[in-house]
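Chemist: First the structure, then my questions, so here it is.
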Amino acid sequence: MAVWRSILMSSFLAVAAASPVRADAVVIGVPAWPSAQVTANIIHDVLNERLGVETELRERGTLTILSDIGRGEIQVHPEVWFPNLSAMATRLSEEKNVLSLSPKSVAATQNICATRATVEQTGIKGVSDLVKPEMAAQFDSDGDGKGEIWIGAPTWSSTEIERIRAHSYGYDQTMTLLEMPEDVAMAAVDAAVSFGKPVVFYCYGPHHVFELHDIVKLEEPAYDPARWTIVTRAQDNDWLAKSHADTAWDASSFKVAFATSLETGMPEVASFLSKMELTPEDVTAMSYAVVVEGKPAEDVAKDWIAANADRIGEWTK
């Protein structure tokens, strides 16, 4: 059974049409992953209901959201990941002085993962094992001689870096690197578990997949900055050849970012965004509710707000 291919081919993305933005509204970017979607809706509801501020929600890729903050078209990014976006965030915050970063952050992880059953079935231990043709062949679900691995959604900054990592390790020669929406990829993981098929994929945490399945992070050499050189697609057409990253990710985290103009124009909004502090448990529960329980992100946000009124009260003082 071609797990990845069949699920990808049977899925589709609904693209929402943009609506006009009110001049007095705070525009909140909505990236393409569950926890950020819930957080965006929490910010939207709190600004509306607690602070009386008009808002707009805008679905955009994470890089586009930051670029739009730089152009004054969006005011809030609910979940900026580091080190993925460190260079862009530094440029916007320190060089252009248009972006402010919350002092609060959530510790995170980024890895290549497999299910426990996959490890036992294939004998895979480390990311470098994927370079071996005989190992990669065990992840071949469509008979083309190469395995398949999901490396992220097309709009994620991490996806470009995972392509660099695959090239640096060399498993881009033995594995087909799949880019697809996260809900499709997680459905493929669920299907692989159900049918007892081996599966390997990019994983990040906090995330519901660690609650749903027995997941193993594949071994890698410890992060070494001397072995990480990231040139982005936007910076150079020859970005892949000029980049290198063949160790584990550096320690990761994410935080809210917002337009610096809010500090003077809407100080109560900037204050709230700077005080908002989520836990890994919050984020995992949000992801689980959206993906596993099938609840709309806006409903999960309303439930979370109702259950955390005291915390929100502290953030909006």
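Chemist: Any idea of residue 51's accessible area? Nearest 10 Å², probe 1.4 Å.
Modeler: Accessible surface of residue 51 is approximately 50 Å².
Chemist: Measure off, as a whole percent, the carbon and sulfur share of the 1.4 Å-probe accessible area of the stretch 112-151, all protein chains present.
Modeler: Carbon plus sulfur share of accessible area: 49 percent.
Chemist: Could you pull out the pairs from 197/295; 275/302; 104/317 whose alpha carbons sit more than 25 Å apart here?
Modeler: Exceeds cut-off: 197/295.
Chemist: Ok, one more. Can you tally the net charge around residue 117? Count Lys and Arg as +1, Asp and Glu as -1, for every other residue whose Cβ sits under 10 Å from the Cβ of residue 117.
Modeler: Working: positive: 116, 197; negative: 120, 214.
Result for the neighbourhood of residue 117: 0.
Chemist: Continuing with this model, one more query. Quick check: Cα centre of the stretch 211-245 to Cα centre of the stretch 50-96, how many Å?
Modeler: Answer, in whole Å: 23.
Chemist: Roll a 1.4 angstrom probe over the protein heavy atoms and tell me the percent of accessible area of the stretch 170-223 that is carbon or sulfur.
Modeler: Numbers: 1000 of 2050 Å².
In the stretch 170-223, the share of accessible area belonging to carbon and sulfur is 49 percent.
Chemist: Give the relative contact order (percent, whole number) for the stretch 178-275; include only Cα pairs under 8 Å separated by 6+ residues.
Modeler: Working: 55 pairs, mean separation 16.2, N = 98.
Reported as a whole number, the value is 17 percent.
Chemist: How many nm separate the modelled label positions at residue 226 and residue 96, each set 7 Å beyond the Cα in the direction of the Cβ?
Modeler: In this crude label model, residue 226 to residue 96 measures out at 3.5 nm.
Chemist: So what does residue 44 come to for accessible area, using a 1.4 Å probe and Å² rounded to 10?
Modeler: Estimated to the nearest 10 Å², residue 44 gives 40 Å².
Chemist: Before I look further, what does the chain give for accessible area per residue, probe 1.4 Å, in whole square angstrom?
Modeler: 44 Å²
Chemist: What do you get for chymotrypsin sites (Phe, Trp or Tyr not before Pro) in the stretch 176-253 restricted to DSSP loop and a cutoff of at most 15 other Cβ within 10 Å of the site's Cβ?
Modeler: 223
The values are calculated or read from the model by the stated rules, or taken from the named source; none is laboratory data. Only a predicted model underlies this, so the values are computations on that prediction, with no experimental measurement involved. Counting neighbours? That spans all protein chains shown, and the Cβs are built from the backbone with ideal geometry, glycine included. With ligands, DNA and RNA removed, areas are computed over all heavy atoms of the protein, side chains included. Shrake-Rupley method; radii C 1.70, N 1.55, O 1.52, S 1.80 Å.
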